[in-house]
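Peer 1: Please read through the structure below; I'll follow up with questions.
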Amino acid sequence: MEVTNEIKAICSELLERYKKSIEDSGHVASGGLVNNATYQVMVNGSWLEVSFNLEEHWKYLENGTRPHFPPINAIEQWISVKQIVPRPYNGKVPTTRQLAFLIARGISKNGTKPTKLLQTTINNSDDLIAKLIDALANQLQEEIQEEINKEEI
């Protein structure tokens, strides 16, 4: 069985839905997760495997994190990319580094919440899964018919 353009289009649409859910939920900072996301479709014997190639931090967005103290530099970079303007805290406006520390301290106490954006996208894509099953069934039916026609000759 080969991966047809129809199957590729269905998988591409699933990835686009995931990327849109990231954008719609406001979880785009540098855009790397959305802009660098790709998919791969492979047929291995009787298996069809669809995988998304995503930047490493997708799993932290998806599953959240346990309480930990993240690197201050990474949070400073995130603040810069998101163009976050600090609000006064205890009557003073914190510097970017101070704001990063406050955010890191919050993460060290609470972790980060899971978004489950990928799981939700998949759960809400029954229409695409049905299209994929139909495309595979049609392709399999054509291949079986070709085999029958070969045997008749």
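The values are calculated or read from the model by the stated rules, or taken from the named source; none is laboratory data. The model shown is predicted, which means the values in this text are computed figures rather than measured ones. So basically every Cβ, Gly included, is an ideal-geometry build from the backbone, and we count neighbours across all protein chains shown. These area figures cover heavy atoms from the full protein model, side chains too; ligands, DNA and RNA do not enter into them. Shrake-Rupley method; radii C 1.70, N 1.55, O 1.52, S 1.80 Å.
Peer 1: Give Asn123, Asn53, Asn63 a once-over and let me know the one that is out of contact with any Cys (no Cβ under 8 Å at 6 or more places or on another chain), surrounded by 13 or more Cβ atoms within 10 Å (Cβ to Cβ) and modelled with pLDDT of 95 or more.
Peer 2: Answer to the selection: Asn63.
A quick yes/no check of all residues on (1) within 22 Å of the chain's Cα centre (by Cα); (2) assigned to a helix (DSSP H, G or I); (3) under 30 Å from Ala9 (Cβ atoms); (4) at pLDDT 95 or above:
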{"residue": "Val28", "(1), (2), (3), (4)": "yes, no, yes, no"}
{"residue": "Leu48", "(1), (2), (3), (4)": "yes, no, yes, no"}
{"residue": "His68", "(1), (2), (3), (4)": "no, no, no, yes"}
{"residue": "Ala74", "(1), (2), (3), (4)": "yes, yes, no, no"}
{"residue": "Trp78", "(1), (2), (3), (4)": "yes, yes, no, no"}
{"residue": "Gln119", "(1), (2), (3), (4)": "yes, yes, yes, yes"}
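Peer 1: Looking at (1) under 25 Å from Lys19 (Cβ atoms); (2) open to solvent by 70 Å² or more (accessible area, probe 1.4 Å); (3) at pLDDT below 95; (4) not acidic (Asp, Glu), which is the only condition Asn44 fails?
Peer 2: Every condition holds for Asn44 apart from (1).
Peer 1: Could you list all residues from the stretch 18-31 that are touching a residue at least 24 places away in the same chain (Cβ under 8 Å) and either of a type in the set (A, V, I, L, M, F, W, C) or open to solvent by 70 Å² or more (accessible area, probe 1.4 Å) (or both)?
Peer 2: Selection gives Ile22, His27, Ala29, Ser30.
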